[in-house]
Every structure is written in structure tokens, then in C-alpha cells.
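Read the structure below first, then the notes.
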Amino acid sequence: MAISNGASASGSAEATPAPATAQAGSAGESPYHESSQFRHWRYSRARLAALRAELNEKSKEVTKRNMAAEKEAQLSLGHAFTDPPPPTTYLSVDEELLLVRFYCKQASDICRQGFGLSEQVETTAISYMKRFYLKNSVMEWHPKSIMPTCIFLASKTCNHPVPIDVFVSKLKGFKPSDVLDLEFLVAQSLSFEFWVRGADKALRGWSLELQDQARPPIDAIQRALPAALDRLQWSRYTDAEFVYAPSQVALACFRIANAELVDGFLEFRYAAAQATDGAGLPYGTSLEDLLRLTKEIEAVIRDAGSGAFDIKKIKEIDKRLKSCANPEKTPGSALYIKRRAEAEAKAAEAKADKAAKVAAAREADELTFGGALGGSRVPDDLFAPAPKAE
């Protein structure tokens, strides 16, 4: 099983690490390293923090500008309008991230309990949400609105489609248009890269790998697997998939479940490789580096807790979000209605222009080639018998 990261997991400041260099005895680059996920959705921790800080500041500026436009629109309609909230009301990066992770947990519950969707759909939907909010701010698009579209899109890209009428029937207060109208926005934010490689398959691969030794502790492996799967669920609410390879996350989950089991196997595997001439390093890196990286991921997963959230804090953030959300993206606001009317007027104008061009082209054809031939019509079948006279 190839586990090479291709580059330092957290040391590089580049968004996309350099490809891995296959070492003697290693499995070389895996299909993961050739994927869009590795090429376009891998970051260092520093780069992730910088992306989110930049997005947060940009969203604050746009929201502040649109709040002023909302005030003008409300006053033009003769409505009262309170002044925009002070800067301290806007959400911080950590508060945005907390709200996103809370709705990732809701997405997981909906996939499992609401629809009974596969683990692949659940993993993909959560990844879609986290990727979406690397390109968009919570203050512009509320996670409660984006989450159903991510699930619906994931069900299709994972070949487990749910009819839209059935889908929205299990979501309180949602109409088909609430989901479908945001589908292109989500797909565009994902750069139309829908493939997601989660760590679930890698985890089951490790369960087989751990059996590849002289006297495999089958009972210990079987007992550790459910606990490792549970830790894998926690990892989905973290940034682990953006920083580490799926095989690395999976190994860390197994080690949290049973460190003695994993350490014993790795010592056996590296000792066997050392005793074999030309075998090279089993996983493309030294045992010390592999354990250091694994412990680093374990800390990330443990910090996520068990998926429990401070609901009181979530509600407080959500309440503040209502007062500092971008009115241009908030249905019912004067600015939203104004922008929609402008878009509809523009679309109607474009449609009228197109119709005028078609009519002008038809008229030009008639001037050049003459009009219709006396209302006569060429029969659909030239070889059909002539109709009988009445």
C-alpha cells in the first residue's frame, strides 16, 4: 500500500504539493496522486488559513457595500431601514468554519438517517461542502441552503440518485427549486471536479494489510476496525483530507483505535524489509517519519472531538449571521428582489433581441429568395399516393 504523501504534509506553502518520487521498493505513485483531488484540493495548513482569511475579509467588504445598497433600495420603497451592523458583528474565520462543520455533521445525519445513502455519498457530500466554502463565504451563502444541494449532487455523482420530489419531501421547508437553483453554483465552485477519494477504502485496505504477517492478530484487528471507522467519521469534520493522503488518514484512525496493534505491525514490516537485500522502504518513507506523520494526523482528529457541538454557540453565531448576511444573496431582501428583477429584465431584453434578429434574418431571406410558394406545402413523404379528390 503506497502511503507516500508526495511532499511534506504541512511544511510546504504551496497549494499543490510536488508529485511523489517513487523510491526503491515502494509502490510508487497511486491513482490518488494522479487525481484532481491531489492536484487541486491539497494545501498546506498555512495556505488553508490564508485562503480563509482572505475570503473572510473580501466577504466583509462585499457585504458592507451591499448593506448600503440595501438601505437605498429599502428607502426608495418607503420602508424603514436600520443602519448596517458594526464590524464586530461580522463572523470571524473560526466562527465561519465552526458553522460549516456543524452543517457537515447535519449532512452526515441526513445521509444516514434520512435517506440511508451509502458511505460514499456521505463522504462526497461533506467534501463538496468543505470545498465550496474554500471558494465562498458563509456570510454570502448560508450552509443550511448549500447542504441539501451538496447531498443531492453527491447522490448523482456517486450513482445513487434520489428523485428531487422524494428528496425535498424529507427536508422541512424546502422546494425543488431551492435545491436545483444552487446546483450550478455548487458545481462551479467545485470547478466541476466531482470525484472524491475518501479514506474509507484505505481503512479497509489497512485491515487487510495488518493481516499480512506471520501470526496476524485477527481478533485484535476485527475489534479495532469499528473503532477506527468511528474515528474516520470524526476526521470528515476536519481539514485532514486537504492536507494528508487518504491512506495516511486511515492509518492514523487505526492507530487511534489500537496503537499497539499498528506499531507492532509496522515494526514487523520494516524489520522484514531491512532483512531483505534491495527491499527498500516499505511505504516510501522511514518508520520514524511515518510514525511522526501519523501522530500529527491523530492530533487533528482528536481535536475534532466526537462530532459534538456547542449548540448554544452555534445558535449565537447563526443569529449574528442573519444580521450580517449579504442582502444580495438573501431571498426577500429589497436588494435581492431588485437584482432578480434586473436579471429578469436583462434576460427578457436578450430574448427580444434574439427574436428581432431571427425576424430580420427571415425577412432578408424572403427578399432574396421570395416568400412561401402560395401557401402550398411540400408533402412529408414524396412517394406517398396523391390524396383522393372528394
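The values are calculated or read from the model by the stated rules, or taken from the named source; none is laboratory data. Source: prediction; values computed, not measured. Cβ coordinates were reconstructed from backbone atoms using ideal geometry, including for glycine residues, and neighbour counts include every protein chain displayed.
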So which residues in segment 136-168 are outside any helix (DSSP H, G or I) and β-branched (Val, Ile, Thr)? Val138, Val162
Any residue in segment 222-241 that's outside the structural domain of Arg101 (by TED's automatic domain parsing) and farther than 11 Å from Gly305 by Cα: show its pairings with residues that are of a type outside the set (Ser, Thr, Tyr) and in a loop (DSSP other than H, G, I, E, B) at Cβ separation under 7 Å, as long as the two are six or more apart or on different chains. Ala224/Asn258; Leu232/Ala199
Please enumerate the residues belonging to segment 169-184 that are touching a residue at least 12 places away in the same chain (Cβ under 8 Å) and assigned to a helix (DSSP H, G or I). Pro176, Asp178, Val179, Leu180, Glu183
Unmet criterion (only one of (1) surrounded by fewer than 19 Cβ atoms within 10 Å (Cβ to Cβ); (2) in contact with a Gly (Cβ under 8 Å, 6 or more places away or on another chain)) for Ser247: (1)
Looking at (1) in contact with a Gly (Cβ under 8 Å, 6 or more places away or on another chain); (2) within 25 Å of Val93 (Cβ to Cβ), which one does Glu193 not meet, given that it meets all the others? (1)
Hits in segment 149-177 - residues which are under 18 Å from the mean Cα position of the chain (by Cα) and either over 16 Å from Cys111 (Cβ atoms) or of a type in the set (Gly, Ala, Ser) (or both): Ala154, Ser155
Which one is modelled with the lowest pLDDT among residues in segment 124-156 that are of a type in the set (Ser, Thr, Tyr) and buried (at least 19 other Cβ atoms within 10 Å of the Cβ)? Ser137
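Only one of Ser59, Ser35 is under 23 Å from Ile146 (Cα atoms), modelled with pLDDT under 90, surrounded by 13 or more Cβ atoms within 10 Å (Cβ to Cβ) and among the hydroxyl-bearing types (Ser, Thr, Tyr). Can you tell me which?
Ser59
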